[in-house]
Amino acid sequence: MSDKKRFFEKSFFSVLGLVLVLLILVLANILFARVNIRWDATKENLYSLSDSTEKILGNLKQDVSIKVFYSKSVVNTPSYIKNYANRMLDFLSEYENFSNGKVKIEVYDPKADSEEEEWAQKYGLEGVELATGEKIYLGLVAVAADQEEIIKALDSTNEERLEYDITRIILRVQSPHKPKVGIIAGLPVLGQPPNPYTQQNPQPPWYFVTELQKTYDVEEIRPDAQRIDPDISLLLIIHPAGIGEGLQYAVDQFILAGGSAVIFVDPFSTTGRGPGTAGTAPLKKLFDAWGISFDNTKTLADFSFATRVRNESNQIEDNPFWISLPPETFNAASLITSKLESMLLPAPGVIQKTGIAGLTYEPLLQSSVNSALVDSSSVRSGVDEIRRDFKPQNTKFDLAVKITGTFQTAFKDGRPKVADKAEAGAAKTTPPESDQPPAAPLATGLKPATVIVVADADLLFDGYYFHRQNFLGFNIARIFNDNLNFVLNSSEMLVGGPELINIRSRGKFEKPFTRVKALEEKAQMKWLAREQELIKKVEETNRELERLEGQKDASQRLIASSEQEAEIKKFQEEKRRINKELKIVRRNLRAEIESLGRTVKLINIFLMPLLIGIFGIVFAILRRKKSAGV
């Protein structure tokens, strides 16, 4: 066979092979177009519905239409919004697949002056105008019967909450009634009206209240209230300093009737009244009846979970009063905290168990063993002063607890007489809440109830868990820890919606460099011990100098004795030696961290090319052996 003929045959069969491969691909696409095969290869199944969502979808009573308004035809839409919208639409298709026809997804492109844009505006969706003059929409509406819920603008920075937000509105449109949440607040969590005397502008509610309002009817309970509305499903009590006995009695009866409550107490409120004072421990009578105690004058310092903050001298320091809780501090057995990853508690106190028969005590959040209780006034003294006298108590303190069971009344003598003058005056001017006669006092709970007590109220403040940003006209909330999730989890658990907890808890946050942090803590503890040793030696030297000074007569006051000079020289040499040692510790710390960083970088850069290269070499060797064998 000539070379020309051989070349022709080889080319012919190559082209024929390509055509056959193309035909196979086309046929495969046609055959599998209607086959729904999906594989979510992500570690945390980011593109799959959670078991809870599938359970909710399986129990839907009414069909739900989800109308998505996305300006797909706007070519100048930022790429990150396009990518997010594509992922969101892909994720929504999972709802259709698992709902057996109960959920229907409708996608609309609201072009300028179109009917779709009119509908988007009627639903109140927030369109954003780009610099080019084009307007983009990215929001959705869930509709079932005469109920509708709207997400005005989907936030790409909160993608980890997407499943929760969608499932929540699907649940909302299934029922026309929202559960009620009552709030007793010693902090302005519900916002403040404008003050014409101080020219102060109105203040909006705190962000967690806004989030609660999406699911619940939120109402304020006045401090002079003598009764809690039994229609309230959940009671939130926030920093109740100065709460009167009349309202405490109302809370007591609410719990005995089977009501649930989440209570936030605080020994040092950074957003309110500052440090607590002796004799004003809030809710003491109730806490005694619930088998717990809370010292209103003690704040927790935890050097293992200290937060890096800027102090009054504009210096960055690790402040042990600002406690950043890592995953291992959350109760993994509780649905409320099992999936949480981080929380920030500014100057919290602790809850301690005293114990009451019949009640179950369950810690939810705990400190490290490298912690201790100090006077709340020390929070303002600075970190150096705390470090000087700090001695860890080698125990894990409870920062939040859950108490369940059938409660006994804290008011064994029945309804208390109104002792507080202000409360008494307010009670006289407050109209009766109901024409019904007051119910007979309960001494024992009618049914089991649940109370969650948290030893910090500042964690609810907006700035301690999210940043508010304005991007292209959107108000974006950038959440950076689980403070909000803890509040919402607790609320939903007590109101009776545990399915939603697991959905939202799938949220991911930035992963800390735990190895680097462990190295830092190790070196810092070593540095702390040496610093404490140095301070003690300074104090001993000063006492020795004072003793020597007292032995001198009046003519020698301005002249240092030889013993003093020797003591001063000894101290200076000791100080130089320890400073040198500190430099070595810090240098070793930096060297370890830099070495770790280089190792991580080398792995990131060369690991995958190396694995692919090894695979290629092995494949080539095996192929050559096979060819040689043939």
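For the reader, a short list of remarks on this structure follows.
- Contour minus Cα-Cα distance for Glu573 and Glu540 (0.36 nm per residue): 10.4 nm
- Accessible-area value, Ile621, 1.4 Å probe, nucleic acids and ligands omitted, Å²: 90 Å²
- Computed over segment 219-377, Kirkwood Rh from alpha-carbon pairs, angstrom: 17.3 Å
- Hydrodynamic estimate: the Kirkwood radius of segment 113-190 over Cα pairs, inserted into Stokes-Einstein at 20 °C and 1.002 mPa s, corresponds to D of 142 µm²/s.
- Selection from Leu247, Thr307, Leu340, by position along the positive dipole direction of segment 213-362 (Cβ): Thr307
- In order along segment 378-384, phi translates into HN-Hα couplings of 5, 4, 8, 7, x, 5, 4 Hz, rounded to whole numbers, per the Karplus curve 6.51 cos²θ - 1.76 cosθ + 1.60 with θ = phi - 60° and x for Gly and Pro.
- Segment 163-247 shape via C-alpha gyration tensor axes, a/c threshold 1.5: oblate
- Phe264 long-range amide H proximity, modeled H, under 5 Å: Ile237, Ile238, His239, Val454
- Residues Lys61 and Val309, FRET efficiency given R0 of 60 Å [Cβ-Cβ distance, rounded to 0.05]: 0.75
- Put Trp290, Trp119, Trp322, Trp39 in order of accessible area, highest first, and with a 1.4 Å probe you get Trp39, Trp119, Trp322, Trp290.
- Dividing the alpha-carbon radius of gyration of segment 42-131 by the rule-of-thumb value 2.2 N^0.38 Å gives 1.26.
- The phi-based Karplus calculation (6.51 cos²θ - 1.76 cosθ + 1.60; θ = phi - 60°) puts the 3J(HN,Hα) values of segment 299-306 at 10, 8, 10, 10, 6, 6, 10, 5 Hz, whole numbers, x for Gly and Pro.
- Heavy-atom accessible area order for Ile24, Ile170, largest first, 1.4 Å probe: Ile24, Ile170
- Computed over segment 307-424, the quotient of the alpha carbon radius of gyration and 2.2 N^0.38 Å is 1.39.
The values are calculated or read from the model by the stated rules, or taken from the named source; none is laboratory data. These figures come from a predicted structure and were not determined experimentally. Positions of Cβ are generated from backbone atoms using ideal geometry, with glycine treated the same way; all protein chains shown enter the neighbour counts. For the accessible areas, the whole protein counts, side chains as well, though only heavy atoms, and no ligand, DNA or RNA atoms are used. Shrake-Rupley method; radii C 1.70, N 1.55, O 1.52, S 1.80 Å.
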